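Report on the following structure.
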Amino acid sequence: MWYSVQWVFSSSYTDTMAPATVPSSSSSTPSTALPSTPITATVDPNDTIPPPSKPVRYERDYTTLVGYPISFLIIYSIYFIFIRYRRFFPDVAIPVATTTTPSPMSSNSSNGYTQQEEGSKQLDQQQPPPSMDINKRQHSTIYLILRRWWHYEFRCFDNTFRLGTYMTLLALSGLHSLFIFWPFFWGNNNAAAADTNPFFRHQLISNRIAQLAVVDMAVVVGLSVHTSILWRLIGLHNSSMTLPWHRWFARFSVFGVVYHGCFQWTKHYYRHHLAEPLHQLDALLLGNAKDIDVADFDQSGMLLSSVTWWDLLVSNPRYLTGTCMVLCLLVLFLGSHPLVREKWYGVFRATHVVSFLSVVVMGMWHHWAFVVFYVAVIGVWLVDIIARWRSMRVAPVVTLEVVADQVIKLQVVLEPPRRSSCRCRQPSQHSRQTRELPLLPGQYVFCSFSGTKWKDLLWSHPFSISRVDSLENSPTESSEKRMLTFFIKVYGKQTKALYNKANIKENWPTVRLGSPLGHAANNCHWTDIYGLYPVVVLVAEGIGITPWMSVLHSLIMMNSINGNGRTTVKHLNIIWTVRDGNMIKPFINDIEEMMSTATTATNSNENGDNGSAFHIDWHIYVTGSTASHLDEEQQSGMASSTTMGSNTSQRHDRNCHYQYHQGRPNYTSLLESIRLKHDDKDVALGICAHEESATVCGNLARSARFSHANAYWNVRLERFDL
Ligand SMILES: Cc1cc2nc3c(=O)[nH]c(=O)nc-3n(C[C@H](O)[C@H](O)[C@H](O)COP(=O)(O)OP(=O)(O)OC[C@H]3O[C@@H](n4cnc5c(N)ncnc54)[C@H](O)[C@@H]3O)c2cc1C
């Protein structure tokens with residue numbers, strides 16, 4: 001942009017102040033054959049003009065269009081190989097022990113957990129050491145330091161910034177700069193031309209930026225895809241991983257397009273506002289100094305002048321399409337601003353789809369390069385849309401009831417998929433064994449309530465699956481009928497409408513569900529992440545408890561079915577903050593019901609194994625009214641509970657220990673106390689909370705105090721923002 005501005009000003013200055021200089025006959029080399037500033041005035045016919053000696057001309061150069069995607073692919077492949085096969089790098093993670101019965105962790109348990117709660121002590125004493133595989137890995141100091149700083153987050157102006165993201169952005173900017181300025185360092189014909197004339201320099205930069213923008217736009221489209229098998233194969237299986245980069249690449253491409261557009265507009269403004277009309281012959285004699293086309297001259301060979309701004313913008317298909325693209329991108333950019341997205345999500349979606357389709361059509365008309373790049377990504381995008389459309393299934397509603405103020409419980413039946421096309425992944429080992437959890441903990445699905453399939457495709461909403469129950473004992477898992485439970489908090493239009501329809505069966509909407517998505521969707525070793533750690537800490541704020549409900553359910557089930565512990569989890573800490581105390585009861589009831597079902601199931605086992613073998617510590621914080629956050633049963637439990645302070649109370653119930661607090665949690669001291677309790681143990685930390693809390697907890701867990709040679713806190717972040 002600066003170059004364009006500079007060029008316009010330097011050029012206009014020359015227009016008015018410096019009369020034409022004609023290449024002198026003494027000019028011998030191409031670089032001096034043309035003046036260093038653009039020549040605009042007429043040529044004196046009395047001057048003898050020698051035939052120009054092979055002028056240096058700007059040539060079409062598409063090396064950026066080829067080189068940038070190739071280098072991008074190489075860099076991504078290296079990153080992918082490293083991430084995929086990092087377990088083979090001894091420097092990163094060293095397996096410390098892989099044992100079977102008795103495991104060091106379980107044999108430790110009676111002595112090791114000296115400070116644990118009463119209930120869990122009893123539990124450990126009752127239980128025989130579980131038979132399990134422990135794969136405690138010791139992470140190298142270098143890895144821990146790199147992880148700490150790479151994922152370090154800080155807040156600024158209500159935004160969260162991650163150091164690693166900015167390092168990557170810096171590298172990406174470097175890559176862009178390299179491709180833009182490449183000819184100036186390594187030299188080519190165009191660089192030589194640029195040396196002779198500032199116009200060529202600006203054109204060179206503008207064209208290279210435009211080529212980068214074309215590739216970036218293709219990447220943007222690719223990164224918006226949710227369910228592509230191709231993407232999963234290359235490790236892009238999660239929207240929360242791809243969507244932030246979708247935004248960054250969009251910013252890069254918008255910058256490129258606007259730069260290129262500004263350059264073209266200023267160039268043509270300059271061209272059409274010459275002091276005097278230029279004759280075609282003069283222009284030809286001046287070489288291609290101002291990139292003047294034959295089309296710019298009228299039939300008598302005079303340069304078209306007195307052009308208005310309107311002509312400038314739309315005078316030929318390239319300007320027209322270019323101008324339209326810039327306008328569409330502007331609409332797209334404004335429509336996706338957080339303020340619009342938060343307030344009018346429908347406007348965001350509508351502007352996104354319409355502007356995107358317009359950019360595609362205009363782009364293909366504008367330049368063939370768009371066709372090459374878009375055909376591939378649009379193919380992937382369309383396949384994704386079709387896959388989503390096909391995978392959407394009507395799920396009959398079983399329950400739709402208000403369970404707390406502004407919270408609805410939705411239960412739907414998920415019929416077995418019609419064909420094997422369903423989930424594009426094999427069920428993980430544990431889901432195959434238990435049958436109770438064919439969907440994976442922590443996943444979410446797009447739900448829609450409009451009743452029309454096409455409308456549903458555009459207006460579906462993501463909700464975490466809180467629980468999956470098997471409805472029948474079918475011979476194969478794929479033919480199993482399941483009931484999914486969602487807890488939905490009223491937020492905007494759709495959820496409000498759903499809330500209003502709850503409790504009156506006649507009003508219940510048709511619900512359609514898409515394929516399960518999320519961290520667990522494709523990556524089996526993450527699926528079981530929570531079950532592989534002796535200690536699990538789940539941090540939730542408000543409705544953020546929903547993904548952890550399914551994790552809890554999964555852990556309870558995994559423990560109850562085999563009894564002897566298919567998980568290594570011994571201690572579960574749930575830190576949950578709610579504004580309204582009324583919200584607690586339905587969730588706690590659900591968990592307690594899960595636990596009692598699990599115990600019953602196991603008790604009826606031949607083995608007579610006990611149910612949930614771990615201890616759950618609930619740390620519940622109520623920031624708003626507390627009047628009714630405990631039901632009668634809980635209050636009677638409270639009567640025998642210890643009062644820990646004016647704002648805190650606690651009670652025990654089987655393997656659960658509940659602590660109720662008034663006010664906000666101090667995450668630092670809370671996590672510190674958990675760390676001290678389970679020193680030297682690996683911990684899985686799941687966070688689904690507001691950005692501020694997620695930042696505090698994440699940074700703390702990755703700090704040297706928490707994650708070191710003997711203990712490792714693995715952090716998983718769930719965000720309700722895609
Ligand atoms: C992965 C994930 C899991 C979620 N799980 C739950 C849950 O278990 N329970 C719950 O109550 N809420 C959950 N949410 C939030 C929930 O999606 C929104 O509250 C809901 O969509 C609001 O819809 P609305 O019509 O009421 O409001 P709208 O005004 O339509 O939207 C309000 C906000 O919801 C979000 N949103 C809406 N539609 C989409 C979409 N298609 N894709 C991405 N974001 C969208 C946007 O941030 C938007 O600004 C989850 C969100 C995500 C991203």
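The values are calculated or read from the model by the stated rules, or taken from the named source; none is laboratory data. Remember, predicted model here, so these are calculated numbers, not experimental data. Heads up, the Cβs are rebuilt from the backbone with ideal geometry, glycines too, and the neighbour counts pull from every protein chain shown.
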For the range 692-710, the count of residues that are farther than 14 Å from Ile145 by Cα and of a type in the set (A, V, I, L, M, F, W, C) equals 3
Just checking, does the range 397-420 include any residue being touching a strand residue (DSSP E or B) at 6+ places or on another chain (Cβ under 7 Å) and of a type in the set (Gly, Ala, Ser)?
no
Can we say Ala387 is surrounded by fewer than 22 Cβ atoms within 10 Å (Cβ to Cβ) and at pLDDT 85 or above?
no
Given (1) away from the ligand (no atom under 16 Å from the Cβ); (2) touching a Pro at 6+ places or on another chain (Cβ under 8 Å); (3) farther than 21 Å from Leu146 by Cα, index of the condition Leu670 fails:
(2)
Among the residues of the range 671-722, write down those that are touching a strand residue (DSSP E or B) at 6+ places or on another chain (Cβ under 8 Å), within 16 Å of Pro534 (Cα to Cα), of a type in the set (A, V, I, L, M) and not in a loop (DSSP other than H, G, I, E, B).
Leu671, Ile674, Val683, Ala684, Leu685, Ala701, Val715
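Give the residues of the range 340-384 that are of a type in the set (Gly, Ala, Ser) and either within 14 Å of the ligand (Cβ to nearest atom) or crowded, with 17+ Cβ neighbours inside 10 Å (or both), sorted by residue number. Steps first, please.
So the first thing to find is which residues in the range 340-384 are of a type in the set (Gly, Ala, Ser), and the list is 346, 350, 355, 358, 363, 369, 376, 379.
Once the filter is applied, which keeps residues that are of a type in the set (Gly, Ala, Ser) and either within 14 Å of the ligand (Cβ to nearest atom) or crowded, with 17+ Cβ neighbours inside 10 Å (or both), the range 340-384 yields Gly346, Ala350, Ser355, Ser358, Gly363, Ala369.
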Is it the case that the range 564-577 has a residue that's within 13 Å of the ligand (Cβ to nearest atom), at pLDDT 90 or above and not aromatic (Phe, Trp, Tyr)?
no
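Inside the range 458-514, counting only strands (runs of 3 or more DSSP E) that do not spill past its ends, which hold 2 or more residues that are crowded, with 17+ Cβ neighbours inside 10 Å, of a type in the set (Phe, Trp, Tyr) and modelled with pLDDT of 85 or more? Break it down into steps so the answer makes sense when it comes.
On the way: elements: 461-464, 467-470, 482-489.
Result: 482-489.
Per-residue answers, yes or no, for (1) crowded, with 23+ Cβ neighbours inside 10 Å; (2) aromatic (Phe, Trp, Tyr); (3) more than 19 Å from the chain's Cα centre (by Cα); (4) farther than 27 Å from Arg247 by Cβ:
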site	(1), (2), (3), (4)
Thr668	no, no, yes, yes
Lys677	no, no, yes, yes
Leu685	yes, no, yes, no
His690	no, no, no, no
Thr695	no, no, no, no
Trp713	yes, yes, yes, yes
Phe720	no, yes, no, no
Please specify each residue of the range 325-358 satisfying the condition of being of a type in the set (Gly, Ala, Ser) and either more than 19 Å from Asp456 (Cβ to Cβ) or not in a helix (DSSP H, G or I) (or both).
Gly335, Ser336, Ser355, Ser358
Could you list, in sequence order, all residues of the range 373-417 that are among the β-branched types (Val, Ile, Thr), farther than 30 Å from Lys481 by Cβ and free of Cβ contacts under 8 Å to residues at least 40 places away in the same chain?
Val375
Among the residues of the range 684-722 satisfying the criterion of being among the acidic types (Asp, Glu) and within 16 Å of the ligand (Cβ to nearest atom), which is modelled with the highest pLDDT?
Glu691
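More than 12 Å from the ligand (Cβ to nearest atom) and at pLDDT below 70: does that describe Arg432?
Working: more than 12 Å from the ligand (Cβ to nearest atom): yes; at pLDDT below 70: yes.
Yes: the conditions hold for Arg432.
Regarding the range 662-670, can at least one residue be identified that is part of a strand (DSSP E or B) and at pLDDT below 90? Let's see the steps before the verdict.
Taking the range 662-670 and keeping what is part of a strand (DSSP E or B), we get 662.
Of the ones still in play, those that are also at pLDDT below 90 are 662.
Taking every residue of the range 662-670 in turn, at least one turns out to be part of a strand (DSSP E or B) and at pLDDT below 90.
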Output yes when any residue across the range 231-238 is in a helix (DSSP H, G or I), basic (Lys, Arg) and modelled with pLDDT under 90, and no when none is.
yes
